[in-house]
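Heads up: the structure comes next, in structure tokens.
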Amino acid sequence: RHLKALAAAGARPVAVTRRPEAAAELHAAGVATATDLASAGASACVVASETARHAADAEAAFALGLDVLVEKPLAPDSAQGRLLADAAKRHDRRAYVACVMRFSPSLALVKERLPELGALHAVRAECRSYLPDWRPGRDYKAGYSADAAQGGVLRDLVHEVDYCGWLFGFPARATGSAANLGRLGIQADEAAEILWALPGGGALSIGLDYLTRRARRGLVADGERGTLVWDALNGTVTLTPLSGPARSDSRPEDVDARFLAQAKAFLGELNGHRDERMTTLEDGVKALNVLDAARKGFS
């Protein structure tokens with residue numbers, strides 16, 4: 001998706017992969033390939049390797065003078081994320097985290113409508129789906145999602161933590177829980193709950209799992225002047241004020257369109273055009289802090 005999006009955005013992407021069979025497939029599809037990053041002739045880099053390799057691969061790109069977009073999550077934990085952020089500063093490189101949900105057109109509508117609620121007292125975000133359905137025809141137990149060292153719902157579904165931090169502010173302190181319920185035969189966490197305080201009072205909670213057969217994604221925000229409901233799967237935002245009729249609007253959701261918007265924003269950043277939707281390394285580390293806190297359990 002990154003290769004396709006970058007090409008559509010006007011860049012000339014070169015794929016660097018450690019898997020010979022993948023290189024052959026890409027070459028056959030007309031995608032330029034290189035055996036290593038140094039020979040790619042690039043000016044910027046998207047790191048879309050396994051989560052455990054993000055730090056090493058991004059640092060290698062920094063050392064070559066490349067600006068970087070790192071796939072989410074930034075790293076397996078906040079300690080490694082901070083080291084990566086330090087490396088970017090040391091090499092004087094621009095770097096971002098690929099949190100593509102920020103480029104959802106219906107989430108943009110959520111951001112636009114939230115002020116109409118006034119002071120918030122409760123926000124509930126969810127992302128629930130069934131891991132075996134993610135990639136039909138592939139063994140989900142062999143993927144990185146099943147790997148306790150780099151997968152699990154907390155890392156895989158960090159989008160919810162990222163966009164909640166973007167919309168409502170990242171917390172100074174969070175708590176939560178993560179559990180493997182033994183339903184999927186994997187080692188990674190299958191379900192998680194996260195809780196943090198909203199600015200000015202109130203609470204924000206996030207529910208994540210790999211177990212729900214009928215997928216759902218979105219949020220409900222309750223404030224002093226009404227309630228906002230976002231159905232992220234259908235791209236629908238419904239605002240119900242305390243008085244007057246509910247107002248519902250839809251914005252089409254398309255994964256490839258989100259990746260294209262992110263690619264354009266990344267290329268724009270490289271040319272000095274700031275886009276607030278781009279996730280900074282600072283925000284990437286803040287999200288990892290939340291995930292680390294959730295792993296420690298409620299306290």
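The values are calculated or read from the model by the stated rules, or taken from the named source; none is laboratory data. Here the structure is a predicted model, which means the values were calculated and not measured. So basically every Cβ, Gly included, is an ideal-geometry build from the backbone, and we count neighbours across all protein chains shown. For accessibility, only protein heavy atoms count, side chains too; no ligands or nucleic acids. Shrake-Rupley method; radii C 1.70, N 1.55, O 1.52, S 1.80 Å.
In nm, to one decimal, how far is the modelled label at D249 from the one at R135, with both set 7 Å along Cα→Cβ?
About 3.7 nm separates the two model spin labels.
Looking at the stretch 31-94, which GluC sites (Glu not before Pro) are DSSP coil and have at most 13 other C-beta atoms within 10 Å of their C-beta?
none
For the stretch 128-244, which whole percent of the accessible surface, found with a 1.4 angstrom probe, sits on carbon and sulfur atoms?
49 percent
Suppose every K and R has +1 on its Cβ and every D and E has -1 on its Cβ; what is the size of the dipole of the chain about the Cα centre, in Debye to the nearest 20?
That gives a dipole near 160 debye.
At 1.4 Å probe size, with the rest of the protein present, what percent of the exposed accessible area of the stretch 1-116 is carbon and sulfur atoms?
52 percent
Heavy atoms only, 1.4 Å probe, whole protein assembly: order K286, K72, K141, K4 by accessible area, highest first.
Sorted by accessible area, descending: K4, K141, K286, K72.
Per the Cauchy relation, a quarter of the hull surface: what is the mean projected area of the convex hull of the alpha carbons in the stretch 3-68, in nm²?
Over every viewing direction, the Cα hull of the stretch 3-68 projects on average to 4.4 nm².
As I understand it, the value is the acute angle between the Cα axis of helix 54-63 and the longest principal axis of the Cα atoms of the chain; what does it come to in degrees, rounded to 10?
Relative to the chain, helix 54-63 is tipped by roughly 50 degrees.
Which value at 222 nm does the chain reach when only helices count, each DSSP H run of 4 or more adding -39,500 (n - 2.57), with the total divided by all residues and rounded to the nearest 500 deg cm²/dmol?
The helix contribution divided over the chain gives -9500 deg cm²/dmol.
Looking at the square roots a ≥ b ≥ c of the eigenvalues of the Cα gyration tensor of the stretch 82-228, which shape do they give, rounded for a/c under 1.5, prolate if a/b is larger than b/c, or oblate?
It is oblate, given that a/c is not under 1.5 and a/b is not larger than b/c.
Which of rounded, prolate, oblate describes the stretch 185-299, given a ≥ b ≥ c as roots of the alpha-carbon gyration tensor eigenvalues and a/c under 1.5 marking rounded, otherwise prolate only if a/b is larger than b/c?
Cα axes put the stretch 185-299 in the rounded bin.
For helix 78-90, what angle does its Cα long axis make with the longest principal axis of the chain, in degrees from 0 to 90 and rounded to 10?
With both axes taken from Cα atoms, the answer is about 60 degrees.
Just the accessible area per residue of the stretch 42-134, please: how many Å² with a 1.4 Å probe?
Here the per-residue accessible area is 38 Å².
Report the net charge of residues surrounding D292, where surrounding means a beta-carbon distance below 14 angstrom and charges are Lys +1, Arg +1, Asp -1, Glu -1.
+4
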